[in-house]
1. With each label point set 7 Å from Cα along the Cα-Cβ vector, what nm distance links Asn161 and Val223?
2. GNM, the chain, Cα, under 10 Å: largest mean-square fluctuation among Arg24, Arg213, Arg86?
3. Take the chain, connect every pair of alpha-carbon atoms lying under 10 Å apart with a spring to form a Gaussian network, then pick out the residue of Gln212, Gln104, Gln176 with the largest mean-square fluctuation.
4. Quick check on segment 21-249: take the gyration tensor over C-alpha atoms, sort the square-rooted eigenvalues as a ≥ b ≥ c, and tell me if it's rounded (a/c under 1.5), prolate or oblate.
5. Please give the helix 23-44 orientation as an angle from the longest Cα principal axis of the chain, in degrees from 0 to 90, rounded to the nearest 10.
6. List the pairs from Lys12/Lys186; Lys123/Lys186; Lys79/Lys173 whose alpha-carbon separation is above 26 Å, in the order I gave them.
7. Fully extended, how many nm does the chain gain between Leu17 and Lys55 (0.36 nm per residue separation, minus their Cα-Cα distance)?
8. Please identify, among Glu150, Glu216, Glu28, the residue showing maximal mean-square fluctuation in a Gaussian network model of the chain using a 10 angstrom Cα cutoff.
Amino acid sequence: MASRASIDSKLKQLTDLLGVQEERVLAEFQERIDMSWIFHDSALEGTVLSYHELKSAIDKDVVSDVSLIPTYDEIRAHKASIDFVRETASNRKKVPITLDLLRQMHTVVSPEDSEPVEGTWRKETPVHRLYFHDISPPDKIAGEMKKLDEWLKDPETKKTNPALRLASKLHFKIMQIYPYSRHTGKLARLAMNLVLLRSGYPPAIVHSTERQRYYESLKGPSVLLHNLMLDSLENSIDSATKLFSEQKTGRRALA
């Protein structure tokens with residue numbers, strides 16, 4: 001299992017490698033991360049996307065097959081939400097994570113839903129759903145979201161929860177409430193990665209191969225999700241470090 005110490009040590013090595021890269025290379029790297037983020041996040045939601053679908057949607061190619069329009073629209077909304085999270089994380093004013101910000105994030109990732117627009121929450125408990133952990137009944141959601149907002153605003157929350165712990169706890173709490181009928185999972189993972197990005201970490205991308213482990217971790221205790229997040233974060237750092245280390249070795253060989 002990954003630890004904070006090992007992650008921070010590996011992150012230092014990756015940061016050094018990224019510091020000597022050209023802007024073009026860094027832009028290509030971020031696009032690769034975003035495509036991986038969308039691919040695996042969608043797979044957790046039961047949708048397997050092809051490279052062509054991802055690339056075409058992100059590049060805003062003309063959709064030749066009208067049946068693909070909903071898929072492309074969802075990919076583009078997902079990409080817009082990732083861009084929103086990156087921009088929010090890089091804002092020097094450090095916009096606090098509040099209920100209003102979570103609503104805004106959900107509106108970006110799920111623009112077709114009426115719940116955020118109307119300011120309401122999920123009104124029923126879906127029988128057929130991807131996640132099988134216990135979630136709040138509809139009549140309790142408003143109260144639980146208010147508690148979440150108070151927890152986020154409480155100065156003690158940050159004092160007692162370092163960034164990594166805060167990220168996984170926020171993720172876990174959102175999923176236990178499950179406030180929206182659609183894309184609550186995406187919202188929870190966006191919120192988690194907002195905390196991570198703001199603290200200097202890369203996004204923790206939970207791979208599709210960990211789908212069952214992810215579902216089980218949501219049944220609690222929360223440390224299960226925390227450990228999965230740490231493993232996902234370490235995997236992201238290791239993959240990036242390997243990529244740039246191999247490129248560096250290749251350039252030396254050609255010199």
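Bear in mind these aren't lab numbers, they're just calculated from the coordinates by the rules spelled out. Keep in mind the model is a prediction, meaning the values are calculated, not measured. So basically every Cβ, Gly included, is an ideal-geometry build from the backbone, and we count neighbours across all protein chains shown.
1. A separation of 1.7 nm, rounded to one decimal place.
2. Looking only at Arg24, Arg213, Arg86, the largest GNM fluctuation is found for Arg24.
3. Checking each option, the largest mean-square fluctuation is seen for Gln212.
4. Taking the square roots of the gyration eigenvalues as a ≥ b ≥ c, segment 21-249 is oblate.
5. Orientation of helix 23-44: about 40 degrees from the principal axis.
6. Lys12/Lys186
7. Separation in residues times 0.36 nm, less the Cα-Cα distance, equals 11.1 nm.
8. Maximum among the listed residues: Glu28.
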